[in-house]
Amino acid sequence: MNRRLANGCTGALIAAIIPVGFAGWAAFVNPWFMDELGSYLLFVVSPWLVLGGFFGALMRGGGAWKTRRHVLAFLGLMGVMLGSHIRPTPDAVSTKLLVFGVDGATWDVMDRLSLPAFESLKENGAWGVLRSSEPMFSPLLWTSMATGEVPDEHGIHGFRTQATDCRSGRFWDVASEEGWSVGLYKWLVTWPPAPLPAGGFVVPSWLAGQPDTWPSELSFIKEIELSRRLKRKRVEQVRPTWRLVLSGVRQGLRWSSLRKGATWMVRERLTDVVPAERAWRLQLLRVWMDRDVFVAQVHRHEPDLATFTTYATDALAHTHWELMETCNDGGDCPPWGRAVPDAYQQADVVLEEVVALLGDDAHVLVVSDHGFRAFSEEDLGRNFVPTTERLRERIRAEIGPVDVARLGHKLTVSFDDEVVSKVALVEWLDALTQASTGKSFYRWEAIPNSVGALGLTLRDERMDAQRHASDAVGGEPISNYAALTPPYTGEHDIDGVVLAAGPAVPLGGLVSDASLLDVAPTVLALMGLPASKEMSGRVLWGDEMPRVDSYDHLSPAEVASPERTDVEADVNTEQLRALGYIE
């Protein structure tokens with residue numbers, strides 16, 4: 001019995017060398033890895049101890065001296081792991097300006113919650129409403145903030161687009177030309193990524209269709225994000241999970257994020273998970289992983305200018321706004337009913353950690369591309385949505401290339417006005433009639449400051465199951481152009497948020513009449529660089545310098561190779577469907 005016990009102990013200790021050794025290696029290459037020592041010991045080390053002890057007890061031979069040797073080896077490895085766990089993180093980085101994006105953020109939600117990091121910025125800097133513009137689709141809005149120009153000038157109109165379509169220089173292009181190193185983390189319309197001459201890193205956002213990053217070592221985070229779709233498309237050379245994990249640990253992934261991911265994979269395989277829970281958990285998990293990688297890369301590269309954008313606030317508002325309203329009213333609330341508040345509180349935690357990386361002389365700017373709100377009373381009860389794909393197919397076949405996206409009960413048709421005639425498009429829409437009324441199916445309207453876009457709503461909104469089954473549009477079933485749905489409760493709003501803090505920002509200042517077009521001039525002013533005369537916005541903080549004529553020579557469209565990647569094949573349509581922009 002004594003020998004069997006001794007062998008069991010020896011086997012347990014030998015087996016534990018593997019997880020303890022991995023933890024020591026991981027913490028050595030990534031000082032942030034061991035952020036939950038207790039759960040690592042419980043979920044990883046303990047099973048190895050049990051298995052090693054069981055198989056060790058079944059073996060014959062051994063001796064007390066071997067046991068002591070393995071005990072000493074194990075204690076040494078434990079010392080390595082514990083030492084790595086308490087290893088101090090590097091000093092504050094030299095980053096001078098952080099632009100922190102919170103997609104779809106609204107004061108209506110933020111003012112209800114306890115958000116210490118955002119509240120600290122308000123107390124120590126300035127804040128206000130950042131006015132968005134129609135059409136409120138994120139790719140063109142984030143590009144308007146980056147360039148200081150409207151879509152007709154910068155050239156980004158719809159979702160099926162890429163960085164090389166942008167005709168205007170963005171604030172990081174200007175910074176890079178002036179010798180600033182830049183770290184871009186998931187700013188929209190940055191795919192395919194281009195090398196930055198002054199150094200840094202680029203990780204494109206959720207719209208990217210391929211896992212390209214710069215440098216390529218960071219592609220693992222995009223491979224994880226896109227893996228299911230890549231496999232369905234039969235893209236070759238998708239790395240197995242274990243290789244992605246090892247690559248991720250080297251680049252900053254923490255144990256807590258790996259634990260959350262593994263726990264979710266097990267839960268999803270063993271239980272029936274409703275879509276609302278899946279969206280909630282995966283959106284938050286994605287942001288935790290993004291936080292891990294961004295923090296590590298900021299320390300590794302120390303970019304002068306860094307940007308980080310979280311999209312969970314908008315994505316979960318699209319799918320969980322009604323649940324949030326129910327929970328606020330005291331109704332029966334599942335755990336994912338707090339998905340929207342959870343996303344805001346997560347963004348606050350990430351912001352607090354990222355700001356802690358910076359020195360006292362750094363500036364922080366927080367922006368959102370639009371806000372979010374409950375549907376107005378006139379929208380409630382409209383249990384249908386216009387659909388996008390058949391309309392897009394017909395226009396493309398009969399008029400020219402367009403993009404069609406949905407926001408609530410409204411469609412936006414985006415196009416390059418140098419390729420597609422707006423007059424011809426309007427005439428075609430007017431001729432697309434509904435059989436039961438004999439009138440045009442769509443009512444169209446021009447969108448201010450956007451020659452290359454039209455807004456569409458249904459002229460006849462008396463949509464019910466009978467009409468949906470029997471009516472026709474342009475000689476085709478009406479079901480090709482509209483779908484019956486449960487009631488919607490939330491949509492984009494024009495009032496977003498802006499906060500800033502730093503030496504050039506007045507304490508307690510209230511920003512008024514700020515717009516998306518003010519972001520680029522303000523970022524450049526905070527960097528001590530001039531805006532261009534083509535930027536119609538104003539400088540909110542920082543010293544205004546004499547403006548240069550243009551930065552168009554820095555635009556991706558000017559500096560990119562003439563060979564262009566096929567946008568239709570590479571845009572992330574899965575995410576567009578999940579957010580309801582297309583069906």
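The values are calculated or read from the model by the stated rules, or taken from the named source; none is laboratory data. The structure presented is a predicted model; accordingly, all values stated were derived computationally and were not measured. Here the Cβ positions follow ideal geometry from the backbone for every residue, glycine too, while neighbour counts run over all protein chains shown.
Some values worked out for this structure:
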| quantity | calculated |
| --- | --- |
| Condition broken by D152, with the remaining ones in (1) in a loop (DSSP other than H, G, I, E, B); (2) in contact (Cβ under 8 Å) with a residue 60 or more places away in the chain satisfied | (1) |
| Residue match in segment 302-317 (condition: farther than 29 Å from S216 by Cβ, modelled with pLDDT under 95, surrounded by 17 or more Cβ atoms within 10 Å (Cβ to Cβ) and not β-branched (V, I, T)) | yes |
| Residue check for P386: in contact (Cβ under 8 Å) with a residue 60 or more places away in the chain and loosely packed, with under 14 Cβ neighbours inside 10 Å | no |
| Residues satisfying the stated conditions in segment 107-131, i.e. crowded, with 23+ Cβ neighbours inside 10 Å and in a loop (DSSP other than H, G, I, E, B) | none |
| Residue check, A531 closer than 24 Å to L196 by Cα, over 23 Å from the mean Cα position of the chain (by Cα) and either among the aromatic types (F, W, Y) or at pLDDT 95 or above (or both) | yes |
| Subset tally (residues that are surrounded by fewer than 24 Cβ atoms within 10 Å (Cβ to Cβ) and within 13 Å of R170 (Cβ to Cβ)) for segment 528-549 | 3 |
| Filtered residue count, segment 393-425, keeping only those that are crowded, with 21+ Cβ neighbours inside 10 Å, farther than 15 Å from T161 by Cβ and at pLDDT 85 or above | 1 |
| So V366, is it aliphatic (A, V, I, L, M), within 24 Å of L130 (Cβ to Cβ), surrounded by fewer than 24 Cβ atoms within 10 Å (Cβ to Cβ) and at pLDDT 95 or above | no |
| Enumeration of residues in segment 178-226 that are assigned to a loop (DSSP other than H, G, I, E, B), in contact (Cβ under 8 Å) with a residue 24 or more places away in the chain and β-branched (V, I, T) | V189, T190 |
| Cβ pairs under 9 Å, 6+ apart, first in segment 466-479 and more than 14 Å from R390 (Cβ to Cβ), second of a type in the set (F, W, Y) and not in a helix (DSSP H, G or I) | H468/F384 |
| Qualifying residue in segment 321-331 (condition: modelled with pLDDT of 85 or more and assigned by TED's automatic domain parsing to the domain that holds A105) | no |
| Residue count, segment 160-177 (criterion: out of contact with any Ser or Thr (no Cβ under 8 Å at 6 or more places or on another chain), at pLDDT below 95 and either surrounded by 24 or more Cβ atoms within 10 Å (Cβ to Cβ) or not in a helix (DSSP H, G or I) (or both)) | 2 |
| Residues of segment 460-476 satisfying the condition of being at pLDDT 80 or above and surrounded by fewer than 15 Cβ atoms within 10 Å (Cβ to Cβ) | A469, S470, G475, E476 |
| Where D361 falls short, out of the listed (1) under 30 Å from L526 (Cβ atoms); (2) acidic (D, E); (3) part of a helix (DSSP H, G or I) | (3) |
| Residue match in segment 192-207 (condition: modelled with pLDDT under 90, in the same structural domain as Q283 (by TED's automatic domain parsing) and within 30 Å of D403 (Cβ to Cβ)) | yes |
| From V293, V287, residue being under 19 Å from G104 (Cβ atoms), touching a residue at least 24 places away in the same chain (Cβ under 8 Å), assigned to a helix (DSSP H, G or I) and touching a helix residue (DSSP H, G or I) at 6+ places or on another chain (Cβ under 6 Å) | V287 |
| V423 being assigned to a helix (DSSP H, G or I) and among the β-branched types (V, I, T) | yes |
| Single condition V235 does not satisfy, out of (1) among the β-branched types (V, I, T); (2) closer than 20 Å to D35 by Cβ; (3) modelled with pLDDT under 90 | (2) |
| Verdict on G359 being under 21 Å from the mean Cα position of the chain (by Cα) and at pLDDT 90 or above | no |
| Leading residue by the ranking (modelled with the lowest pLDDT) among those in segment 141-157 that are buried (at least 24 other Cβ atoms within 10 Å of the Cβ) and closer than 21 Å to V548 by Cβ | H154 |
| Given (1) within 27 Å of S368 (Cα to Cα); (2) in contact with a helix residue (DSSP H, G or I) (Cβ under 8 Å, 6 or more places away or on another chain); (3) surrounded by 22 or more Cβ atoms within 10 Å (Cβ to Cβ), number of the condition W255 does not satisfy | (1) |
